[in-house]
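Trainee: Would you mind keeping the following structure in view while I ask a few things?
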Amino acid sequence: MAYVTADDGIKLYYEEAGQGFPIVFVHEFGGDFRSYEPQMRYFARAYRCIAYNARGYPPSDVPNDEQAYSQDRARDDIRAVLDGLRIGKAHIVGISMGGFATLHFGMVYPDRALSLVLGGCGYGAEPDKRNQFQDEAEAAADRFEKLGIAAAAESYALGGTRVQLQNKDPRGWAEFRRMLSEHSARGSALTLRGVQKRRPSLFDLAEQMSQMRLPTLIVTGDEDDPCIEASILMKRSIQSAALVMLPRSGHALNLEEPALFNQFVDQFFHQVESGRWQLRDPRSVTGRIL
């Protein structure tokens with residue numbers, strides 16, 4: 001089994017496939033490195049693809065201290081993967097929790113990324129829903145600890161932005177639920193409390209995002225309600241960003257619509273690599289309607 005070591009000594013498990021310019025895939029809370037199998041198989045034909053498990057997700061280490069989990073740790077664990085594999089720069093692709101980590105990575109380490117893909121990024125970002133999100137994150141953490149991983153996974157997999165996958169692809173949804181049930185209950189609870197519950201709102205980062213110049217592709221589902229406003233905020237704040245909204249799609253968008261997701265990301269990579277990805281034309285930002 002292959003590992004890299006984070007700055008604080010935590011070991012992170014990874015798998016890789018293919019050769020070429022590197023892509024690092026950063027998974028969501030409900031997933032793990034296996035969640036990117038449709039992307040690993042597609043992009044490994046032309047790229048070196050790396051998918052790793054966040055701390056708290058076996059076979060990565062599961063530290064028992066809540067202080068070992070934070071948005072900054074999640075951000076720096078991406079850098080640890082790059083450093084451990086001696087990669088100077090890569091395309092960074094993140095979904096949901098991984099999208100937050102990818103965004104923060106791009107803000108702090110812009111010289112280590114050629115581009116950013118932010119999928120399903122936004123849970124708990126809206127200012128008037130911060131307290132609700134934090135309460136729900138704590139309640140979810142309690143369920144993982146008290147009910148155990150199997151029962152908590154069953155409930156989590158039937159969330160309002162997960163049923164789209166179940167409706168489109170029952171076999172794929174069953175696989176998602178099964179893999180979620182193989183996670184660590186303790187690691188899941190600590191991730192909810194240390195990373196999700198405490199991360200800053202995207203609306204508090206608008207000024208920092210306005211300084212970004214990294215090519216950025218934002219992808220969201222039109223039925224992933226908690227991410228829609230946040231995705232529009234990121235599009236408007238990041239001058240180098242484009243926004244894709246996938247129809248009739250929820251949160252697990254790379255699993256729900258793998259062909260569409262891969263197509264948009266592939267086209268994005270080609271534009272970035274050919275030097276054709278530009279900042280937004282300032283003439284399009286006028287405040288006028290006509």
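The values are calculated or read from the model by the stated rules, or taken from the named source; none is laboratory data. Source: prediction; values computed, not measured. Note that we place each Cβ from the backbone using ideal geometry, even for glycine, and neighbour counts take in every protein chain shown.
Trainee: List pairs: first residue in segment 223-251 and closer than 17 Å to ASP128 by Cβ and among the aliphatic types (A, V, I, L, M), second residue modelled with pLDDT of 95 or more and part of a loop (DSSP other than H, G, I, E, B) anywhere in the structure, Cβ distance under 8 angstrom, at least six positions apart or on different chains.
Mentor: ILE228/ASP222; ALA230/CYS121
Trainee: So which residues in segment 48-64 are part of a loop (DSSP other than H, G, I, E, B) and without any contact (Cβ under 8 Å) to a residue 60 or more places away in the chain?
Mentor: ASN53, PRO59, SER60, ASP61
Trainee: Next up: May I ask you to list the residues in segment 271-290 that are surrounded by 10 or more Cβ atoms within 10 Å (Cβ to Cβ) and outside any loop (DSSP other than H, G, I, E, B)?
Mentor: Within segment 271-290, GLN271, VAL272, GLU273 qualify.
Trainee: Follow-up question, since we're still on this one. Touching a residue at least 12 places away in the same chain (Cβ under 8 Å), within 19 Å of the chain's Cα centre (by Cα) and surrounded by fewer than 20 Cβ atoms within 10 Å (Cβ to Cβ), is that true of LYS11?
Mentor: So LYS11 fails the test.
Trainee: Restrict the check to segment 272-285 and report whether at least one residue is touching a residue at least 60 places away in the same chain (Cβ under 8 Å), closer than 18 Å to GLU28 by Cα and among the acidic types (Asp, Glu).
Mentor: Among the residues of segment 272-285, not one is touching a residue at least 60 places away in the same chain (Cβ under 8 Å), closer than 18 Å to GLU28 by Cα and among the acidic types (Asp, Glu), which makes the answer no.
Trainee: Shifting gears a bit: Quick check: anything in segment 29-39 under 24 Å from GLU175 (Cα atoms), touching an Asp or Glu at 6+ places or on another chain (Cβ under 8 Å), among the charged types (D, E, K, R) and in a loop (DSSP other than H, G, I, E, B)?
Mentor: No, the conditions are met nowhere in segment 29-39.
Trainee: Kindly check whether there is at least one residue in segment 250-258 that is in a helix (DSSP H, G or I), among the small types (Gly, Ala, Ser) and surrounded by 15 or more Cβ atoms within 10 Å (Cβ to Cβ).
Mentor: no
Trainee: So GLU182 fits all but one of (1) charged (D, E, K, R); (2) within 30 Å of PRO59 (Cα to Cα); (3) in contact with a helix residue (DSSP H, G or I) (Cβ under 7 Å, 6 or more places away or on another chain); what number is the exception?
Mentor: Tallying (1) charged (D, E, K, R); (2) within 30 Å of PRO59 (Cα to Cα); (3) in contact with a helix residue (DSSP H, G or I) (Cβ under 7 Å, 6 or more places away or on another chain), GLU182 fails exactly one: (3).
Trainee: Touching a His at 6+ places or on another chain (Cβ under 7 Å), buried (at least 20 other Cβ atoms within 10 Å of the Cβ) and within 22 Å of ARG45 (Cβ to Cβ): is that true of PHE261 in this structure?
Mentor: no
Trainee: Starting from residues that are within 16 Å of ASP225 (Cα to Cα) and loosely packed, with under 15 Cβ neighbours inside 10 Å, keep the ones in segment 99-128 and report whichever is nearest to the chain's Cα centre (by Cα).
Mentor: That would be PRO127.
Trainee: Condition first: closer than 28 Å to ASP204 by Cα, among the charged types (D, E, K, R) and either surrounded by 13 or more Cβ atoms within 10 Å (Cβ to Cβ) or touching a His at 6+ places or on another chain (Cβ under 8 Å) (or both). Now tell me which residues in segment 129-158 satisfy that.
Mentor: LYS129, ARG130, GLU136, GLU138, ASP142
Trainee: Considering only segment 142-202, give the helices (runs of 4 or more DSSP H) lying wholly within it that have at least 3 residues that are charged (D, E, K, R) and free of Cβ contacts under 8 Å to residues at least 40 places away in the same chain.
Mentor: 170-180
Trainee: Got at least one residue in segment 206-213 being under 16 Å from the mean Cα position of the chain (by Cα) and basic (Lys, Arg)?
Mentor: No - not one qualifying residue is present in segment 206-213.
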